[in-house]
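The values are calculated or read from the model by the stated rules, or taken from the named source; none is laboratory data. This structure is a prediction, so every number in the text was calculated from the model and none was measured. Cβ coordinates were reconstructed from backbone atoms using ideal geometry, including for glycine residues, and neighbour counts include every protein chain displayed.
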């Protein structure tokens, strides 16, 4: 604000996905991998819970921790609003949309992290695979869309497959049903894949 004369949190929302790329895998890496390594997964199987409840509980628990990590950043918005009170202030709609996009991004990364944790009993491997998967799904399609051979129009549709495209769309302050459906579909896919991995481990 002091450099450009107007209040904005654009730089924060540009940096936040990269922080989440490493923060979320660090939170989720032990969610199931540690259960397999410590032998507590067998105890968990004796409980009157089906696999969807186990996966859902792990997902919601990890997502809650991520959301709690994001809540203090609301102080940035309040601070910027207070500092710019003499001017037009910050764009509340844009900020709300950006935080909505950040929440869905965190939810997608959490689902990916839970899925990667279900593939191995080594938490470090789960972290590395999860961070790599989050990076590829976030920026990979955007990078592929810039290939010259796709410049005839296919680049737009390839870019639409990536998380970054839909995150930036919501961050503009416009909540589009297509973006919401995309995020929910990705979350459901990885959670169902996690459930399938748990079923395969059934004795």
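Before moving on, here are some points about what is shown:
- Taken together, 175, 180, 187 contain a single residue that is touching a residue at least 24 places away in the same chain (Cβ under 8 Å), surrounded by 19 or more Cβ atoms within 10 Å (Cβ to Cβ) and in contact with a helix residue (DSSP H, G or I) (Cβ under 9 Å, 6 or more places away or on another chain), which is 187.
- Residue match in the range 165-175 (condition: over 17 Å from the mean Cα position of the chain (by Cα), on the phi < 0 side of the Ramachandran plot and modelled with pLDDT of 85 or more): no
- Look at (1) surrounded by fewer than 17 Cβ atoms within 10 Å (Cβ to Cβ); (2) modelled with pLDDT under 80; (3) assigned to a helix (DSSP H, G or I) and you find that residue 158 fails only one, number (1).
- Applying the set (1) touching a helix residue (DSSP H, G or I) at 6+ places or on another chain (Cβ under 8 Å); (2) at pLDDT below 80; (3) assigned to a helix (DSSP H, G or I) to residue 89 leaves exactly one unmet item: (3).
- Evaluated against (1) more than 24 Å from residue 62 (Cα to Cα); (2) without any contact (Cβ under 8 Å) to a residue 12 or more places away in the chain; (3) part of a helix (DSSP H, G or I), residue 142 falls short on exactly one condition, (2).
- Some residue of the range 50-66 being outside any helix (DSSP H, G or I) and modelled with pLDDT under 90: yes
- Residue list for the range 128-141, filter: under 14 Å from the mean Cα position of the chain (by Cα) and surrounded by 20 or more Cβ atoms within 10 Å (Cβ to Cβ): 130, 131, 134, 138
- In the range 1-49, the qualifying residues are those that are in a loop (DSSP other than H, G, I, E, B) and at pLDDT 85 or above, and the one that is farthest from residue 77 (Cα to Cα) is 32.
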